[in-house]
Amino acid sequence: MSLYRIRGGRELHGSVRVHGSKNAALAILSGVLLCEEPVTLRGLPAVSDVETKLQILEQFGAVIDRWDDGETVTIDCSNLKDAEPDPNMVRNIRTSFYVLGPILARLGSARIPQPGGCKIGARPLDFHLKGLSQFGADVRLNGGFYEAKAKNLVGAEVYLDFPSAGASQHLMAAATLADGQTVIKNAAMEPEVTALADFLNRMGARVEGAGTSTITISGVTKLGGGEYVIPADRLQAGTYLLAGAATFGDVTVEGVLPEHQAPVISKLKEMGVTVDEGPDWIRVVGNRFMQAISVKTMPYPGFPTDIQQPMAALLSIAHGVSTLEETIYESRIGHIDELNRMGAKIRQEGRTSIITGVDHLQGAVVEATDLRAGAALVVAGLSAIGETYVKNIVYIDRGYQKFEESLRSLGADIERMPVEEWEKAGQWSG
Ligand code: EPU
């Protein structure tokens with residue numbers, strides 16, 4: 001086990017290129033199971049969630065060739081087999097469940113243990129189960145496993161009670177091989193949903209309307225193979241922008257589409273941070289007199305829930321009282337106690353964090369409780385005076401590729417060290 005030691009208070013300067021999107025990659029890796037010919041994915045992020053998902057695919061008979069460049073794989077799913085993936089792996093990542101529909105579409109039955117993922121709320125699966133049933137599948141929970149059977153899937157009109165990214169992706173993928181037409185209404189509009197649709201279309205599917213709230217899928221008999229480049233990770237990009245602002249630095253994030261960051265850019269500007277943008281880059285120039293603001297998370301194109309936690313770190317050093325309301329996940333709050341250990345003044349009222357800005361944060365020993373809480377603590381540690389130790393960085397490794405290398409290239413003093421080494425040095429505070 002490792003932790004990060006961060007010597008904070010240094011302005012970040014320079015340019016950073018973001019890696020491929022974890023959440024797009026995880027959804028596309030489910031879609032790959034539908035393809036009867038080899039698929040080559042480029043720009044696949046080297047993060048632990050993606051590696052876990054690749055291993056789950058292998059358990060279903062996918063043959064995976066990992067290229068030496070570390071970010072390209074060729075996956076051959078021509079000979080899928082009925083299998084039960086390792087429950088420990090499935091418990092680790094939520095999107096392991098999204099293989100249910102594709103396996104069902106290819107093999108006529110599937111059995112998947114109940115999935116896990118970051119502990120940020122209840123995260124039910126009812127939309128997924130209802131949608132698959134509407135496609136004619138018999139889906140049931142039996143002894144901790146979801147079991148699904150269907151001779152063939154039949155297209156249907158599906159209305160989602162909430163624009164769930166995962167349900168939109170899962171049902172869209174399953175519907176590509178269903179008989180007839182499927183219409184998903186109140187679909188999520190996240191770029192990661194559009195990326196999956198682009199991928200599926202590249203492989204021979206007929207998906208229209210992704211990126212809007214109505215997605216129409218005309219079923220085809222098979223998907224082939226081909227190449228696809230995973231788009232850049234907008235959540236990584238947002239994290240670097242906030243780190244630039246929190247250290248009063250000057251950071252350019254390259255290889256991203258500014259329109260995907262519109263709410264983050266808008267809120268940074270409202271705080272008084274200077275933001276410039278070009279066709280595929282965004283630059284932030286920090287301001288020591290950032291103002292408090294109100295933020296509310298919303299489905300895309302609203303302010304992303306995944307940036308809510310790093311945003312709390314930034315608002316902790318803005319002048320005045322900010323409010324930050326989380327509307328997507330009821331308990332995405334693991335960062336709050338930890339930020340308060342660093343001198344932040346955050347009070348939680350229901351789903352809203354009330355954040356009274358302080359002059360600066362102070363280094364402390366803190367613990368990541370989930371991926372984005374970990375990112376928030378790193379942003380806080382970079383801006384804080386003194387040394388911060390972020391424990392449980394296994395969560396951060398789930399979604400940020402070469403995080404410390406990228407931050408170091410911007411001038412950050414951040415180092416990964418084994419927990420044992422740190423304990424031996426007598427820095428353990430219990
Ligand atoms: N929901 C239901 N029933 C369902 C599915 C979802 O009630 O069947 C609810 C959820 O409980 C939540 C809301 O709908 O309140 C939205 O959940 P959604 O399904 O959109 O989330 P997800 O697909 O499970 C993905 C990302 C999350 C990201 C959300 C929101 C992946 C692997 N995960 O989760 O990313 O926060 O969309 O954009 O794509 C992260 O990267 O740290 C992360 C948690």
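The values are calculated or read from the model by the stated rules, or taken from the named source; none is laboratory data. The structure displayed is predicted, hence computed values, not measured ones. Every residue, glycine as well, gets a Cβ built from its backbone with ideal geometry; the counts of neighbours run over all protein chains shown. To get the accessible areas, we keep the full protein, side chains included, count just its heavy atoms, and leave off ligands, DNA and RNA. Shrake-Rupley method; radii C 1.70, N 1.55, O 1.52, S 1.80 Å.
Could we say that Arg372 is farther than 19 Å from Ala318 by Cα and open to solvent by 50 Å² or more (accessible area, probe 1.4 Å) here? The answer is no for Arg372.
Residue-by-condition table, conditions (1) farther than 18 Å from Gly9 by Cα; (2) surrounded by fewer than 24 Cβ atoms within 10 Å (Cβ to Cβ):
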site: Arg288; (1), (2): no, yes
site: Met298; (1), (2): yes, yes
site: Pro304; (1), (2): yes, yes
site: Gln308; (1), (2): yes, no
site: Met311; (1), (2): no, no
site: Leu314; (1), (2): no, no
site: Asp337; (1), (2): yes, yes
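On inspection, Arg416 qualifies as open to solvent by 10 Å² or more (accessible area, probe 1.4 Å) and at pLDDT 95 or above.
For segment 356-376, taking the residues that are within 16 Å of the ligand (Cβ to nearest atom) and of a type in the set (A, V, I, L, M, F, W, C), the one that is farthest from the chain's Cα centre (by Cα) is identified as Ala368.
Glu58 - would you say it is over 24 Å from the mean Cα position of the chain (by Cα) and at pLDDT 95 or above? Answer is no for this residue. When Pro310, Pro279 are screened for being outside the structural domain of Val32 (by TED's automatic domain parsing) and within 15 Å of the ligand (Cβ to nearest atom), only Pro310 passes. Listed by position, the helices (runs of 4 or more DSSP H) contained in segment 124-205 that have at least 2 residues being open to solvent by 70 Å² or more (accessible area, probe 1.4 Å) are 126-134, 191-202. Would you confirm whether or not segment 89-108 contains a residue that is among the hydrophobic types (A, V, I, L, M, F, W, C), within 14 Å of the ligand (Cβ to nearest atom), touching a helix residue (DSSP H, G or I) at 6+ places or on another chain (Cβ under 7 Å) and open to solvent by 10 Å² or more (accessible area, probe 1.4 Å)? Scanning segment 89-108 turns up no residue that is among the hydrophobic types (A, V, I, L, M, F, W, C), within 14 Å of the ligand (Cβ to nearest atom), touching a helix residue (DSSP H, G or I) at 6+ places or on another chain (Cβ under 7 Å) and open to solvent by 10 Å² or more (accessible area, probe 1.4 Å). How many residues does segment 109-148 hold that are hydrophobic (A, V, I, L, M, F, W, C) and within 14 Å of the ligand (Cβ to nearest atom)? Here the count works out to 9. Among the residues of segment 316-326, just one is within 16 Å of the ligand (Cβ to nearest atom) and open to solvent by 40 Å² or more (accessible area, probe 1.4 Å), namely Glu325. All conditions in (1) in contact (Cβ under 8 Å) with a residue 12 or more places away in the chain; (2) more than 14 Å from the ligand (Cβ to nearest atom); (3) small (Gly, Ala, Ser); (4) open to solvent by 20 Å² or more (accessible area, probe 1.4 Å) hold for Gly350, with the sole exception of (1). Restricting segment 213-235 to residues that are out of contact with any Pro (no Cβ under 9 Å at 6 or more places or on another chain) and hydrophobic (A, V, I, L, M, F, W, C) leaves a set whose member that is most open to solvent (accessible area, probe 1.4 Å) is Val229. Within segment 61-75, being more than 24 Å from the chain's Cα centre (by Cα) and open to solvent by 50 Å² or more (accessible area, probe 1.4 Å) holds for Val63, Asp65, Asp68. All of (1) assigned to a helix (DSSP H, G or I); (2) within 18 Å of the chain's Cα centre (by Cα); (3) farther than 30 Å from Leu125 by Cβ hold for Gly244 with one exception: (2). So which residues in segment 379-426 are over 19 Å from Thr239 (Cα atoms), touching a residue at least 40 places away in the same chain (Cβ under 8 Å) and not acidic (Asp, Glu)? Of everything in segment 379-426, those that are over 19 Å from Thr239 (Cα atoms), touching a residue at least 40 places away in the same chain (Cβ under 8 Å) and not acidic (Asp, Glu) turn out to be Ile385, Gly386, Met417, Pro418, Val419, Trp422.
Are any residues in segment 357-378 under 23 Å from Thr297 (Cβ atoms) and in contact (Cβ under 8 Å) with a residue 60 or more places away in the chain, and if so, which ones? If the condition is that a residue be under 23 Å from Thr297 (Cβ atoms) and in contact (Cβ under 8 Å) with a residue 60 or more places away in the chain, then Gly357, Leu361, Thr369, Asp370, Leu371, Arg372, Ala373, Ala375, Ala376, Leu377, Val378 are the ones that fit. Out of curiosity, is Glu270 among the acidic types (Asp, Glu) and either away from the ligand (no atom under 16 Å from the Cβ) or buried (at least 16 other Cβ atoms within 10 Å of the Cβ) (or both)? Against the criterion (among the acidic types (Asp, Glu) and either away from the ligand (no atom under 16 Å from the Cβ) or buried (at least 16 other Cβ atoms within 10 Å of the Cβ) (or both)), Glu270 qualifies. Residue pairs whose Cβ atoms lie under 9 Å apart, separated by 6 or more positions or on different chains, with the first residue in segment 248-261 and under 10 Å from Pro191 (Cβ atoms) and the second part of a strand (DSSP E or B), are Leu257/Ala232; His260/Ala232.
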